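What follows is calculated from the coordinates using simple rules that are stated; it is not laboratory data. None of the values given here were measured: they were computed from a predicted structure. Cβ: placed from backbone, ideal geometry, glycine included. Neighbour counts: every protein chain shown.
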Amino acid sequence: MAEIGRPTVMTPETIAKLEEGFISGLSDREACLYANINPATLYRFCEENPDFSERKELLKEQVKMNAKFNVATGIKAGDKPLSTWYLERRDKAFNPKQEVEHSGNVVINLQTYGANDSLSMATGKAPITDSSDQKSVQSDSLAPESA
């Protein structure tokens, strides 16, 4: 007796296209677009085929693994800028940090807005009730500047 229903779109050719996409680092949605199937079809297929689901996740890691091999090959070949780049990202001792020292005062001007200002109306926040329009604050004391 013949099966009734739509033929599956998950043919060996479709699965091969999905796997090619996963190996290239595509997301599920991107691989589905590449294989010309609906993402729901992929998710349903993964639920019905847990081995494929696990394989899919492993294939997605391959592009990252290949990138690591490429970096390692370049470093082994003596690529000094690549070696420096790698160390700056992997070893805290090589992380280029900049320390900045500042002497003096830093003045921060705070602007308050009234109830009818466009900012208050746009944000829907209650107006700030303060007698002054601006206050200056010094960073070392965080207290209002005396007049």
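Observations, loosely collected:
- If R0 is taken as 41 Å, the Cβ-Cβ distance between residue 11 and residue 76 corresponds to a FRET efficiency of 0.45.
- Top positive-direction residue, dipole computed over segment 12-94 with Cβ charges, set 33, 69, 81: 81
- ³J(HN,Hα), Karplus 6.51/-1.76/1.60, whole Hz, each residue of segment 47-55, x for Gly, Pro: 5, 7, 9, x, 5, 5, 4, 5, 4
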